[in-house]
1. Residue under question is residue 72, and the condition is that it be within 16 Å of the chain's Cα centre (by Cα), surrounded by 15 or more Cβ atoms within 10 Å (Cβ to Cβ), under 19 Å from residue 14 (Cα atoms) and among the acidic types (Asp, Glu); does it hold?
2. Looking at the structure I just gave you, is residue 83 among the hydroxyl-bearing types (Ser, Thr, Tyr) and closer than 12 Å to residue 5 by Cα?
3. Do the conditions hold for residue 27, that is, is it under 9 Å from the mean Cα position of the chain (by Cα) and either modelled with pLDDT under 95 or of a type outside the set (Gly, Ala, Ser) (or both)?
4. Which residue is farthest from the chain's Cα centre (by Cα), if the candidates are limited to the stretch 45-68 and must be under 14 Å from residue 12 (Cα atoms) and not hydrophobic (A, V, I, L, M, F, W, C)?
5. Pairs, please: C-beta under 8 Å, at least 6 apart or cross-chain, first residue surrounded by 14 or more Cβ atoms within 10 Å (Cβ to Cβ) and in the stretch 106-129, second part of a loop (DSSP other than H, G, I, E, B) and among the aromatic types (Phe, Trp, Tyr)?
6. Kindly check whether there is at least one residue in the stretch 76-88 that is closer than 24 Å to residue 34 by Cβ and of a type in the set (Lys, Arg).
7. Any residue in the stretch 41-53 that is charged (D, E, K, R) and loosely packed, with under 15 Cβ neighbours inside 10 Å?
8. Could you please find all residues in the stretch 21-65 being closer than 17 Å to residue 111 by Cβ and aliphatic (A, V, I, L, M)?
Amino acid sequence: MNYILDTFAVLAYLGNEEGADKVEVLLEKAGEEVKLFMNYVNLGEVYYIIAREFGVAKANEAVAIVKRWNVEFTGVNESIALTAARIKAMHSLSYADAFVVATAIDRKGVIVTGDKEFEGVYPEILWIR
């Protein structure tokens, strides 16, 4: 099974917030029972949110931690970019979240999040809250 990590899920895990336990289970199973993906756009979102709140040093540390996980990072190509743009045009969610959905469509995966913006946008969601 393929799972796509949303920024919300990553921040919940890093901050040991509600839902961190569900992300931890996926991280423990990664490479065996599940395959985890994250778009670089969303990694950048993790970085800027942490940098804005806690500083660049903490953001660098967080990204280093995430990059050690058994996660396949995906980039943006024409298909992903246009799919994300279509999703953003049709739904009220952030542009970064549109890349999560585009990646989920591309990888035929389940989005891992607690962000209610995804309701009604994509059918396969593992809610961590």
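The values are calculated or read from the model by the stated rules, or taken from the named source; none is laboratory data. From a predicted model like this one, the values you see are computed outputs, not experimental measurements. Cβ coordinates were reconstructed from backbone atoms using ideal geometry, including for glycine residues, and neighbour counts include every protein chain displayed.
1. No, not satisfied.
2. no
3. Taking the combined requirement at face value, the residue does not satisfy it.
4. The residue in question is 47.
5. 111/122
6. The answer is no; no qualifying residue exists.
7. yes
8. 23, 25, 26, 27, 30, 34, 36, 38, 41, 43, 46
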